[in-house]
1. Which one is farthest from the chain's Cα centre (by Cα) among residues in region A:155-181 that are basic (K, R) and in a strand (DSSP E or B)?
2. Could you list, in sequence order, the residues of region B:157-199 that are within 30 Å of B:G370 (Cα to Cα) and either within 14 Å of chain A (Cβ to nearest Cβ) or in contact with an Asp or Glu (Cβ under 7 Å, 6 or more places away or on another chain) (or both)?
3. Could you list, in sequence order, the residues of region B:324-337 that are crowded, with 17+ Cβ neighbours inside 10 Å and either out of contact with any Ser or Thr (no Cβ under 8 Å at 6 or more places or on another chain) or modelled with pLDDT of 65 or more (or both)?
4. Consider region A:104-128. How many of its residues are within 13 Å of A:C78 (Cβ to Cβ) and modelled with pLDDT of 95 or more?
5. Just the residues that are assigned to a loop (DSSP other than H, G, I, E, B) and surrounded by 11 or more Cβ atoms within 10 Å (Cβ to Cβ), please, taken from region B:172-182.
6. Just one of A:S179, A:S138 is within 28 Å of B:G269 (Cα to Cα) and facing chain B (nearest Cβ under 9 Å); which is it?
7. Any idea how many residues of region A:182-210 are more than 8 Å from chain B (Cβ to nearest Cβ) and within 14 Å of the chain's Cα centre (by Cα)?
8. Show the residue pairs that are 6+ apart or on different chains and have beta-carbon atoms under 8 Å apart, the first residue being within region A:114-125 and outside any loop (DSSP other than H, G, I, E, B), the second being at pLDDT below 90.
Amino acid sequence: MMQPRDATALLRTFGVGLAVAGLGNPAAPAGAYHTNFQGACNSNGPTLQYISPGYERLVYAIYAVSALGDGYQYGGGCWNNNDIDESPGDPQELTGTRGEGPDCSGLVFKSWHLNPARPRGEQWNYGYMTNVHGPYASFHYQTPGSNDPFFRISKADLMTMDAVAKNGHVALYYGRNYSNNRGIFIESKGEAYGTGMWERDYLTDGAYEGVRRKMK
Amino acid sequence: MAHEPPRPAPRRRRLAGIGALAAGVVVGSVAGFGVLGAGGSPSAPRTDAEIVANLRAPSVLLDRTAPLHVEIDVGCATASDELCLTEGELFVRPRGGGAYDRLLMNHPRPEVLQVDVPATYLAGSGLEMYAVVASNDNTASVMAPSGGSETPHVVEVATAFTDVALAAPTFGATRAPTSNVYRAAWGTGAGRVGKTGGGEESITGPSSFTVTEGGQVALFDGHNRRVVLAGGGPTRLVQLPETTFPFGDILATDRDIYVSEARGLEHLGAVSRFDRAGRLQDRVAAPNGAVQLAQSPSGVAIQSEGAWRAVTEDGSRALVDVTSPAALGNAGAVDAELPDIVTSFTNEDMLVARRDDAGGLRAWRVRTSGSLFGGLSLAVPLDDGVLVVVGIWNEDHGENLVLRLGPEGLRESFTVDYAQWAESLPDGRFDIGPAGLYQLRTDSKGAEVVTYKIGGKP
């Protein structure tokens, strides 16, 4: 079984995260970038985490929800899980601004507990403040190779915490709204929007492919 | 035989279930500090348990003889990260008022609460319900929907329905636009329209548009912080404040322009009213998640967590504060009008129901073969039926399916391109107006609003 401590901590962040469902990040004051948030991040390596089979998706979801509200940083991968973007107003698509938050592919990498240097089925845990993005861009998620720790699936088979990816964006699938049939996704959307949970039409968009993390 | 052009219903974009994360499907609510239904400040120290409760229930039923299954996904943790167990109660009453009855919910699994509502509650036109989920130590509780008895989740029973079986779609045979109302290249100068993103970011463009009764198009160009007014004369630009969040809905009347913005944790959403010259008239905070705007006979309303709240009062164009309705009397009160159109999806079916003059629902159950339904973009009354725009897709293709439904069944159907190179608000891509169906499209060069004539054969 999953360790009780893991379960409770993750449930806490799950609850906080869903409180921001459907919202964008606040507009940022101009010129407030270069906060060097990443200066407070660390490079602690991942630790091997035992997750009972069947609990992986819950763990991934709760980890991804921890990033909601914590901003977006192009090429980034660390956040402090206080639901506030500490680096608002960063210019777009610049890795050197050292702001808070993951980008879209960094969020997927850490949420999926990946470690490209180790066997694929193992689960590796990174702290929120570990500044790691991982080697995969959205294009890699869209077109996985046989040795990658994820593989393509039909979008009709999406389950919670699978992903949809195109060349340019990747988002984690959470569920479905039964009133309008749109998918609900957790994603790092961009500097103006931050990381959030939104309804999107990615299922209808033919550019997106379904992707699933390999599990034991 | 020539077809008379369809007559659009009075301008009234009101659709149940459209919006950010709608009530009845996902209601993210956190209550701490022992205050029932209150949202805890994310930056304040948490003193009690936190709960998340996501209500899952349909909005339309075709069969009132079967019990209604209701589930809630729940998670609960204490301030010290201890797991807390929950108990749930569902309060339910037949639609139309009266006292709520309490039904105890049970846990089929620790993270799920469920109950079957007896069919007797559905003997009339439907029922209203809300749930209260509390931690076992009673330090926290939440209501789902968050408004509780004031804004309950409504389940309606259709009084008649028509089955519509669609043939397998032929992807790639989309209809060409009839006309182009507006076209602009990406950019920031006059005559251009803004986008953001590139590299690894998803690209977003104009978030929404609307068509006035006079046929003018109002486009919310959020990244340039302005509204574009096109058609019926020279194109005009209405500059919005720099603080405007670049994504939201727009509604234009002949005198005013209303813009709603989604905002983040520290800031509520906002609704602004401008005159047609672009002068800001007033601006008020709005509940979290309030994105969609609609105009009804009683005024302008916004949707928040599935409930509509009036932001203008009868006879007035001025915005009213909707953040504390209890303190403001009727101002910002929940709009009692029910949506014109109610929709629900199952894995196989799309249910679309239109309210008739007597308050009952006429429904269509639409099935498609060879594809799957995607997201719903538009569902509006049209003549004595409805016009629906919904995504359809398979592994290789995705398009928008336009359906014109009448009491006898399918009147017309065709497909149009998905045309979302730069993403827009799902609710903001289609509208109807004097020229028929209008679509906001984007490609790598820019954005445009085009029209499609409607009124042909199935």
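The values are calculated or read from the model by the stated rules, or taken from the named source; none is laboratory data. Source: prediction; values computed, not measured. For neighbour counting, all protein chains shown are included, and Cβ atoms are generated from backbone atoms with ideal geometry for every residue, glycine included.
1. A:R176
2. B:P169, B:F171, B:G172, B:T174, listed by residue number.
3. Answer for region B:324-337, where residues must be crowded, with 17+ Cβ neighbours inside 10 Å and either out of contact with any Ser or Thr (no Cβ under 8 Å at 6 or more places or on another chain) or modelled with pLDDT of 65 or more (or both): B:P325, B:A331.
4. 4
5. B:T174, B:R175, B:P177, B:T178
6. After ruling out the rest, the residue left standing is A:S179.
7. 5
8. Within 8 Å, the pairs are A:W124/A:Q49; A:W124/A:R118; A:N125/A:Q49.
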